[in-house]
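Report on one structure; see the data block that follows.
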Amino acid sequence: MIIDYLDSTSPDDVEADLCIVGAGAAGIAIARSFIGTTIRVCLVEGGGIAGEERSQSLYNGESIGSTPFDTSSSRMRVFGGSCKLWGGGCITFSRHDLEPRDWVPDSGWPLDYDELEPWYGQARNYLGIDAHDFTDGSFLTPPARTPCSFDEDTLVNPVFARSPMFFGEHYRAQLDAAENIMVVLHANLMSLEATPDGASVDHARIGSMDGRRGRVTARQYVLAAGGIENARLLLLSDSVSPDGLGNAHGLVGRYFMDHPSGKLGVVATDDPDALTRPYERHIGKDPAPVSSEIALSAQAQRDHRMLAGRVHPFPIEGKIPFGVRALREFRAALKPPVRDEAERLEIRMCEIMRNGPMLATATPAGTPNLGMLALRVGLGTGDIVRAFAKKLADRPTVRSNHVELIGYFEQAPNSDSRIMLGSDTDALGLRKVSVDWQLSAIDRHTIRTAARLFGEQLARACNGRFEPEPWVHAEDDAPLPVHGTAHHLGTTRMATRAEEGVVDRDCRVHGMSNLHVAGSSVFPTGGWAFPTFTIVALSLRLAAQLQVLLADCSVTAIV
């Protein structure tokens with residue numbers, strides 16, 4: 001069932017076998033695994049069914065690092081989580097991504113690819129991509145368009161699958177109908193209260209923004225609130241352990257990573273379509289079920305002692321024919337105005353998190369005159385007919401005049417890059433997050449070296465010329481013009497030893513008997529891969545372990 005903590009008729013306190021904090025991709029995947037069992041699950045979500053500015057404000061914080069970071073617009077507080085806005089990209093990590101690399105400090109997972117592979121297989125069903133087989137680092141379904149050929153020791157063309165799932169929408173009815181699942185909306189975790197010895201969680205304190213307070217008592221607890229919030233909530237849980245739960249070695253919040261992204265330069269070519277068309281993510285109006293990417297090979301990473309990365313070639317339109325522009329403006333004018341708060345919030349966040357070049361808007365200034373726009377469409381009929389013929393021939397309707405290269409990179413683990421608690425408090429009275437996002441020397445080396453390799457190889461593929469951004473050839477340590485891609489990683493990293501990580505290989509917090517963490521915060525390294533596929537695989541693996549733990553607890557309790 002789904003209840004709202006803002007509804008005064010809902011219970012203040014909840015008793016369950018399993019308490020999951022956060023109803024995003026990870027939390028919903030774990031909760032759904034228990035549907036139809038005898039295990040009682042409470043799934044706590046701070047947001048509502050739709051986005052709300054008031055709830056979203058709880059993500060406000062400060063950025064104090066050398067690279068600016070937006071704490072509030074890179075994640076969404078809503079049922080379904082930040083995947084409410086995701087693009088659906090799914091790809092496995094490669095064996096190389098998970099292995100220790102002697103040139104990357106603190107690299108290597110305590111799991112190998114073979115241990116993750118069966119969970120990737122199960123994750124396909126949850127993500128709606130069952131039709132696509134995979135191997136390490138790529139899906140095997142051929143894309144609709146053949147990718148460019150590159151020097152295979154330098155660049156490769158891995159294939160990613162696109163999930164059609166928005167988890168809050170797709171699985172809402174299932175969770176609402178499940179008798180043993182209780183989803184509690186607008187219930188914000190205030191803290192996890194530990195037993196006096198600090199070895200286990202006794203209960204979770206929850207609260208709403210209207211002042212209501214209560215608790216969830218369970219036998220097992222999972223934090224699945226995202227790569228930033230997981231760390232913040234552990235740090236806030238300091239009533240027994242002054243430095244927060246799981247933080248005996250001061251590692252909670254450290255090793256914060258994202259996938260830094262930025263413009264690398266442009267490729268000037270007489271044949272831009274040869275470079276961009278193979279990597280378009282739509283076939284006509286529909287998203288392509290699979291698409292190719294352009295990534296650094298494992299060999300190139302070894303040879304240049306750098307991190308992983310990918311690049312996307314974006315076509316930049318030249319002069320738009322009169323009729324085509326008129327038709328675009330007419331269609332834009334026909335769209336209904338946005339009046340819903342949730343839709344306004346989603347549009348605003350999508351614009352902020354845009355990971356490609358800003359395209360020219362087709363919306364005319366001021367109040368549109370439909371009659372005048374229709375007249376312009378009529379006058380431009382010839383252009384529209386020619387554009388339609390190009391579309392039928394699978395060609396762009398507007399010719400590009402150059403190609404922008406946007407890079408997306410792995411970030412090395414770095415203990416100085418971290419999530420902390422600031423001094424300001426939010427509407428719940430909890431200390432806001434303070435993000436110190438730091439790029440290291442190997443990050444700068446990777447981005448600059450990869451920019452040159454990408455530029456040279458892509459220009460060669462289309463008989464073009466690479467024109468790098470000025471910073472690519474600079475030798476200083478000045479901050480690079482990059483931004484995050486809302487892939488928050490590493491703040492509760494996985495390690496065999498408590499001295500090296502926050503959770504063990506089973507995602508259980510070191511030193512805690514009943515507290516676990518789900519999501520990309522447990523990733524020791526991030527590769528370049530979109531993280532959601534691995535998040536779901538690890539979550540399903542954790543759910544299977546919890547089923548065993550809770551079954552064992554049930555037997556013990558009965559005895």
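Below, the figures for the structure above:
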item	result
Surface accessible to a 1.4 Å probe, per residue, for the residues of the chain, Å²	41
Whole-number D in µm² s⁻¹ for segment 171-236, Kirkwood Cα-pair radius fed into Stokes-Einstein, 25 °C, 0.890 mPa s	183
Protection proxy ranking of 344-350, 437-443 - average other beta-carbon atoms within 10 Å, highest first	437-443, 344-350
Of (1) 1.22; (2) 0.94; (3) 0.99, the label for Rg/Rh (Cα atoms, Kirkwood Rh) derived from the coordinates	(3)
Kirkwood Rh in Å, taken over segment 43-103 so that all alpha-carbon pairs contribute	14.5
Cα-only radius of gyration and Dmax that characterise segment 424-512, units Å	20.0, 59
Residues in segment 205-231 reached by a label modelled at residue 513 [backbone nitrogen below 18 Å; 7 Å Cα→Cβ]	217-222
Given charges at Cβ of Lys, Arg, Asp, Glu: the chain dipole, positive-most of 81, 223, 240	81
In order through segment 177-193: 3J(HN,Hα) via Karplus (6.51 cos²θ - 1.76 cosθ + 1.60), integer Hz, x for Gly, Pro	7, 6, 5, 9, 10, 10, 9, 10, 7, 6, 10, 8, 6, 8, 5, 9, 9
Segment residue 319-residue 53, extension gain: residue separation times 0.36 nm, minus the distance between their alpha carbons	91.9 nm
Label-point separation in nm, residue 441 to residue 399, each point 7 Å along Cα→Cβ	4.9
Share of carbon and sulfur in the accessible heavy-atom surface of the chain [1.4 Å probe, %]	51
Sum of -39500 (n - 2.57) over DSSP H runs of 4+, divided by residues of the chain (222 nm, nearest 500)	-8500 deg cm²/dmol
For q = 0.10, 0.11, 0.13, 0.19 Å⁻¹, Debye-computed log10 I/I(0) when each Cα of segment 49-152 counts as one equal scatterer	-0.51, -0.62, -0.83, -1.10
Cα-centre dipole for segment 37-167 with unit charges at Cβ (Lys and Arg positive, Asp and Glu negative), debye to 20	820
Range of Cα positions in segment 387-541 per principal axis (Å), largest first	63, 44, 37
Distance (nanometres) between label positions extended 7 Å along Cα→Cβ at residue 423 and residue 213	2.5
Residue 177-residue 15 FRET efficiency (beta carbon distance; Förster radius 25 Å; 0.05 resolution)	0.75
Cβ-defined net charge surrounding residue 7, 13 Å radius [Lys, Arg +1; Asp, Glu -1]	-2
Antiparallel bridge percentage (DSSP; both residues within the chain; nearest 5)	70
Nonlocal amide H pairs with residue 254, under 5 Å, H built at 1.01 Å	419
Cross-link reach list, lysines versus residue 432, counting only Cα pairs under 24 Å and skipping chain neighbours closer than eight places	84
Set of lysines with alpha-carbon distance to residue 391 below 16 Å, sequence-local pairs under 8 removed	285
Net length gained if the chain between residue 551 and residue 99 were fully extended (0.36 nm per residue, minus Cα distance)	159.4 nm
Potential lengthening between residue 248 and residue 473 on full extension [0.36 nm per residue; Cα-Cα distance subtracted]	76.7 nm
Point-to-point label distance, residue 38-residue 416, nm (Cα→Cβ direction, 7 Å offset)	5.5
Long-range HN-HN contacts of residue 516 with modeled amide H, under 5 Å	221, 222, 223, 509
0 to 90° range, to nearest 10: angle between helix 532-558 axis and the chain longest Cα axis	10
Helix 322-334 axis, angle to the chain major axis (alpha carbon atoms, nearest 10°)	30
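The values are calculated or read from the model by the stated rules, or taken from the named source; none is laboratory data. Just so you know, these numbers come straight off a predicted model, no measurement behind them. Positions of Cβ are generated from backbone atoms using ideal geometry, with glycine treated the same way; all protein chains shown enter the neighbour counts. Note: areas computed on protein heavy atoms with side chains; ligands, DNA, RNA excluded. Shrake-Rupley method; radii C 1.70, N 1.55, O 1.52, S 1.80 Å.
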